[in-house]
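Values quoted throughout were computed directly from the atomic coordinates according to the rules given, and no laboratory measurement underlies them. Every value quoted in this text rests on a predicted model; they were computed, and no experiment measured them. Don't worry about glycine lacking a Cβ; one is built from the backbone with ideal geometry, like all the others, and counts go over all protein chains shown.
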Amino acid sequence: MDTVQRVVLMVDRIRALMRQQGLSDADLARRTGISPATLSRVLSMATEDPRISTVLAIADALGSTVGYLLHSERAYPVPILEWDEMMAFARGKHQAAGKTQWLSVDTPRRPGTFAARTTPAMAPRFREGSVVLIEPGVALRDAQVVAAAVDRARPTLMRVVMDGEVAWLKPLHPSRADMINALARGVTILGVVTESRLVNP
């Protein structure tokens, strides 16, 4: 593949990610810190060989990678939600907005998969600010961690404890010992944590 073809395909992927995230050219320029004029030259293909620093800034702002933009790797974007957005997202009532950040994963995930940043209450299992990937529809197994809401409260992470065929949910924080039946009325399991990524605080 020659350089011109790579740039055409790269711009197609950038535009697709921008559409998916509801971003305008001006929004992307603000997120990247790249001047609007430079970004315009890249997106209009007036620059046949953009600087790697420019492509890296665009990839970071879109929650992607340079490899994905240049078609040398596959990446699948997953929205990083706030904890108070999860219930609406699970019900299909939350649309990713321009402010939504994205996490790139290298394998396709189940529909409805999302990510979230951990909170201090999820320590010591997860470092504060780490990102967890949460997939709906995964069968519960002992010692898994799930995102769950109890009695319409804000969702949180809980550990699965199997007792025969019964799945119980236990808060991650050691000071809370109450276990809840996963099938109890008022319990909503949003998904299972299938991956976590440590990030610097």
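Once amide H atoms are built 1.01 Å from N in the peptide plane, which residues 5 or more positions from Gly191, or in another chain, come under 5 Å H to H?
Ala147
So which residue, out of Gln144, Gln21, Gln101, gets the largest mean-square fluctuation from a GNM of the chain using Cα contacts under 10 Å as springs?
Fluctuation is largest for Gln144.
When the chain is treated as a GNM, springs tying every alpha-carbon pair under 10 Å, which of Pro77, Pro136, Pro111 comes out with the largest mean-square fluctuation?
Pro111
In debye to the nearest 20, how big a dipole does the chain give about its Cα centre with +1 on each Lys and Arg Cβ and -1 on each Asp and Glu Cβ?
320 debye
Output ³J(HN,Hα) for the stretch 145-161: one whole-Hz value per residue in order, computed from phi by the Karplus curve 6.51 cos²θ - 1.76 cosθ + 1.60 with θ = phi - 60°, and x for Gly and Pro.
10, 10, 8, 9, 10, 10, 6, 6, 6, 4, x, 8, 8, 9, 8, 8, 10
Could you pull out the GluC sites (Glu not before Pro) across the stretch 99-201 that fall in loop regions by DSSP (anything but H, G, I, E, B) with no more than 13 other Cβ atoms inside 10 Å?
Filter output for the stretch 99-201: Glu128, Glu165.
Could you tell me which residue out of Ser35, Val7, Tyr68 lies farthest along the dipole of the stretch 3-73 toward its positive end? Charges go on the beta carbon: Lys and Arg +1, Asp and Glu -1, centred on the Cα centre.
Farthest towards the positive pole: Ser35.
To the nearest 10 degrees, how steeply does helix 52-61 sit against the main Cα axis of the chain, on a 0 to 90 scale?
40 degrees
Give me, ordered by chain and number, the residues 5 or more places off Val105 or on other chains with an amide H under 5 Å from its own placed amide H.
Tyr76, Val78
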